[in-house]
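S.K.: Take a look at this one; I'll ask things after.
The values are calculated or read from the model by the stated rules, or taken from the named source; none is laboratory data. These numbers come from a predicted model, not from an experiment. Glycine gets a Cβ as well: all are built from the backbone with ideal geometry, and neighbour counts include every protein chain shown. Ligands, DNA and RNA are stripped out before the accessible areas are found, and what is left, the full protein with its side chains, is counted by its heavy atoms. Shrake-Rupley method; radii C 1.70, N 1.55, O 1.52, S 1.80 Å.
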Amino acid sequence: LARMGLPALALLLAAGLLHTQASPLARSFQLDYEHNCFRKDGAPFRYISGSIHYARVPRPAWRDRLLKMYMSGLSAVQVYIPWNYHETQPGVYDFTGNRDVEAFLDLTAELGLLVILRPGPYICAEWEMGGLPAWLLWKPDIILRTSDPAYLAAVDSWLHILLPKIKPRLYQQGGNIISVQVENEYGSYYACDYGYLRHLLGSFRALLGSEVLLFTTDSTGAEELRCGTLQGLYATVDFGPGILLGGQEGRSLLSCSNLPVSTSTGSNVTEAFGAQRRVEPKGPLVNSEYYTGWLDYWGEAHASTSAAQVARGLQDMLQLGASINMQVSPFLQLTSLPWPGADYKDQYKPVTTSYDYDAPLSEAGDPTEKLFAIRTVIGKFQPLPVGPLPPATPKYAYGRVALQKVSAYPEGCAAPAWHCSAGQHPSLSLQYADLLDVLDVLCPSGPIQSQFPLTFEALKQAYGFMVYHTQLPWDVPDPATLCAPPHSICDRGYVMLQKEYQGALERDGQTTLHITGRAGDTLDILLENMGRISFGANTSDFKGLLGNLSLNSRPLSNWLIYPLAIDTAVQQGWPQAALPESSSGGRVGPAFYTGTFETPGIAWDTFVKFPGWSKGLLWINGFNLGRYWTRRGPQQTLFVPGSVLHVGRPNNITVLELEEAPPTPLLLFLDQPLYNRTLGCSTTATE
């Protein structure tokens with residue numbers, strides 16, 4: 001520690017002895033290598049920051065979340081910009097509504113928060129493909145995150161759109177952005193392409209100027225810091241409490257367990273910053289991602305980290321004079337597409353819909369015990385804002401809605417259709433349809449014919465689902481093996497024979513089913529994209545059927561492929577119009593369940609539970625609220641922001657159940673989330 005000059009720095013920061021009078025007109029944010037600190041307008045400075053993902057927070061809640069972060073004692077926020085959220089097609093940009101990043105940045109300035117910007121082009125963030133657009137894979141031989149000319153051309157085009165929006169908001173230009181990260185944890189990527197990093201450095205400098213502080217973030221491993229750092233970019237590290245967490249070290253925690261804890265946090269902090277000192281012998285100590293929690297994977301236990309452990313690690317770092325950004329405020333996505341990504345470490349591991357992260361602020365924006373512990377620690381090192389912390393947002397347990405196959409209009413409030421409150425009498429209008437019966441609605445342009453299966457990317461289908469349809473070429477009187485080549489189901493396939501559900505095929509899981517049938521019988525496979533890899537050896541994660549299916553080792557051919565536009569159909573009001581009568585009388589297999597309900601005069605946040613359901617997606621009033629998978633867990637509820645609900649008119653519910661609906665299909669609206677913390681890597685969840 002003495003070699004780092006840390007005790008002296010901490011004392012000087014505390015006493016203000018390094019203060020120098022800055023010109024009122026001079027705005028600067030710089031590195032001070034002599035005193036191992038930042039300088040803001042000439043004075044020594046260190047930030048205490050928290051991450052927030054505007055793309056995961058409903059726009060009406062932006063102010064509430066930012067104000068809570070400010071009142072917690074944070075001086076800055078770290079903001080991710082997902083490229084694929086804004087450039088949805090090549091050359092087609094969207095900066096409106098929830099995607100209005102300029103409005104979000106202006107709001108941070110209004111509330112007095114500095115910004116540490118993470119514009120990528122790769123951001124990770126457990127976001128689909130790490131923020132890279134899926135359309136990059138339309139060129140199948142592209143090499144992502146390298147000097148590949150095709151990749152660099154797309155990156156340059158994007159940066160020339162984005163960074164001019166950022167430059168006027170830089171601190172030196174009168175704004176509040178004090179630093180900008182280039183790439184993210186690049187040392188954990190296999191390529192180790194310094195030419196790529198040099199190209200990004202040149203682009204950022206050309207578009208943002210020579211004064212802005214540019215930096216990198218990597219885990220504390222020697223190899224990661226070797227490949228992820230570059231002269232001209234200030235190197236920072238990331239780790240969590242009680243463990244040198246981040247990069248491959250952190251992502252290797254893929255067993256069914258929570259984060260490990262340690263009783264020697266201080267020594268871990270010293271060791272972690274020692275890794276930064278090996279690549280940056282002088283300058284401020286910075287932990288750019290202090291993990292206050294951890295993400296959840298489908299089929300594993302809900303991750304949690306103790307408030308005491310997080311607070312102890314934070315205090316140890318602040319005592320060293322370090323600047324810190326905490327993963328404070330990740331929230332559930334609220335978008336028209338399912339954006340959660342996946343990790344890859346020996347196997348594909350999709351991330352849950354909720355990005356609650358066991359964070360100090362919950363996905364609903366509620367302060368937790370962990371937030372108050374963090375606030376207490378911050379108060380030991382700098383004054384806290386005057387005034388109380390804003391309270392949790394109001395929640396309401398609206399009750400339950402019964403979904404049935406036939407139209408139903410219950411008299412009054414008779415259970416089980418609805419649990420009423422305050423004398424209100426919500427109405428229900430309920431319908432049902434098998435997915436295969438509405439392909440003309442979901443794929444209005446019709447199918448594509450192909451001798452063999454084509455990927456999502458080959459058909460320019462970015463997200464969601466595609467149906468692969470063929471016929472049995474011969475009689476199969478005895479059970480025959482329907483088989484997919486290894487790693488060719490990306491990511492989950494639901495198999496129907498003569499429209500009867502047979503079971504699911506899964507990436508890195510079950511890849512065979514036994515079927516019987518007659519020549520000419522229809523065979524349909526609904527393929528689900530569960531999120532492209534956002535962290536791992538390779539982010540070129542193609543979706544769909546990547547290889548041909550075979551029946552008793554004989555390849556199947558003559559496919560009709562339907563790219564489904566389910567989100568578009570639901571946003572345009574389908575299926576609240578009349579649905580066709582279902583050809584199937586069962587509850588098994590992919591099907592839509594719809595209904596309407598009215599709230600009792602309020603539109604508060606709520607959580608939807610899916611008792612007895614298997615796996616699927618939920619829309620309310622056209623908003624895709626994400627994926628549920630009650631049989632796998634750990635997430636058992638989906639967050640519904642009150643801003644998506646209507647007051648005084650019906651709220652439209654659409655559920656796409658992919659496997660099996662319960663005998664009495666109903667949704668239960670609660671006032672708190674549920675996680676199955678005890679669930680291991682099993683396929684069933686307990687209540």
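S.K.: With labels modelled as points extended 7 Å from the Cα through the Cβ direction, what inter-label distance (nm, one decimal) is found for ALA206 paired with LEU459?
M.R.: Label-label distance for ALA206 and LEU459, simple model: 3.9 nm.
S.K.: Now for a different question. Going by the alpha-carbon gyration tensor, a ≥ b ≥ c the square roots of its eigenvalues, is segment 445-564 rounded (a/c under 1.5) or, if a/c is not under 1.5, prolate (a/b greater than b/c) versus oblate? Let's see the in-between values first.
M.R.: Numbers: a/c = 2.09, a/b = 1.51, b/c = 1.39.
Judged from the Cα gyration tensor, segment 445-564 comes out prolate (a/c at least 1.5, a/b above b/c).
S.K.: Turning to a different aspect of this structure: At R0 = 56 Å, how high is the FRET efficiency between LYS282 and TRP474 if r is their beta carbon distance? Nearest 0.05 is fine. The partial results should precede the final answer.
M.R.: Values: r = 74 Å, r/R0 = 1.32.
E between LYS282 and TRP474, to the nearest 0.05, is 0.15.
S.K.: Please compute the length gained on full extension between ASP440 and ASN548, using 0.36 nm multiplied by the number of residues separating them and subtracting their Cα-Cα distance. Display every interim value, and only then the final one.
M.R.: Details: separation 108, 0.36 × 108 = 38.88 nm, distance 2.49 nm.
Between ASP440 and ASN548, full extension yields an extra 36.4 nm.
S.K.: Right, another one. Rolling a 1.4 angstrom probe over the protein chains, ignoring ligands and nucleic acids, what is the accessible area of HIS35 in square angstrom, nearest 10?
M.R.: 60
S.K.: Using C-alpha positions alone, give me the convex hull volume of segment 512-655 per residue in cubic angstrom. The partial results should precede the final answer.
M.R.: Details: hull volume 27.1 nm³, N = 144.
Given the Cα convex hull of segment 512-655, per-residue volume reads 188 Å³.
S.K.: Right, here's the next one. For THR270 and PHE95 in the same chain, what is the full-extension length gain: residue separation times 0.36 nm, less their Cα-Cα distance, in nm?
M.R.: In short, 58.8 nm is gained.
S.K.: In the structure displayed, which of LYS68/LYS165; LYS460/LYS615; LYS349/LYS615; LYS282/LYS380; LYS40/LYS167; LYS345/LYS609 lie more than 28 Å apart, Cα to Cα?
M.R.: LYS345/LYS609, as the Cα separations exceed 28 Å there.
S.K.: Quick check: pseudo-label points 7 Å beyond the Cα along Cα→Cβ at ASN558 and VAL647, how many nm apart are they?
M.R.: Distance between label points: 6.0 nm.
S.K.: Moving on. With every protein chain left in place and a probe of 1.4 Å, what is the accessible surface of PHE597, to the nearest 10 Å²?
M.R.: Accessible area, nearest 10 Å²: 0 Å².
S.K.: Could I ask something else about it? Going by amide H atoms built from the backbone, whose H comes under 5 Å of the H on ARG627, apart from near neighbours?
M.R.: Residues meeting the criterion, in which the H sits 1.01 Å from N, are THR353.
S.K.: Would you kindly give the portion of the calculated P(r) for segment 499-561 that falls above 14 Å, as a percent of all Cα pairs?
M.R.: Details: 1312 of 1953 pairs.
Tail of the P(r) past 14 Å holds 67 percent of the pairs.
S.K.: Let me ask something additional. Between ARG226 and HIS514, what length comes free when the chain is fully extended (0.36 nm per residue of separation minus the Cα-Cα distance, one decimal in nm)?
M.R.: Length difference between fully extended and current span is 98.7 nm.
S.K.: I want to check the label-to-label distance for ILE602 and GLU102. Put each point 7 Å from Cα in the C-beta direction and report it in nm to one decimal.
M.R.: Inter-label distance under the simple model: 3.8 nm.
S.K.: Another question about this same structure. Kindly report, to the nearest 10 Å², the accessible surface of TRP135 as traced by a 1.4 Å probe over protein heavy atoms only.
M.R.: The accessible area comes out at roughly 30 Å².
S.K.: Taking the dipole about the Cα centre of segment 445-564, with the C-beta of Lys and Arg at +1 and of Asp and Glu at -1, give me whichever of THR511, SER540, GLN498 is farthest to the positive side.
M.R.: Checking the options against the dipole of segment 445-564, the answer is SER540.
S.K.: Compare SER362, SER147 by solvent-accessible area with a 1.4 Å probe and give them largest first, with all protein chains kept in place.
M.R.: Greatest to least solvent exposure: SER147, SER362.
S.K.: Treating the beta-carbon of each Lys and Arg as +1 and of each Asp and Glu as -1, no other charges, what is the dipole magnitude of segment 445-564 about its Cα centre, to the nearest 20 debye?
M.R.: On the way: 8 positive and 11 negative charges, 46 e Å.
The dipole of segment 445-564 has a size of about 220 debye.
S.K.: For a test of the definition: using alpha carbon positions, the gyration tensor, and the 1.5 limit on a/c, classify segment 118-215 as rounded, prolate or oblate.
M.R.: prolate
S.K.: Considering only C-alpha atoms, what is the centroid distance from segment 285-312 to segment 100-143, in Å?
M.R.: 22
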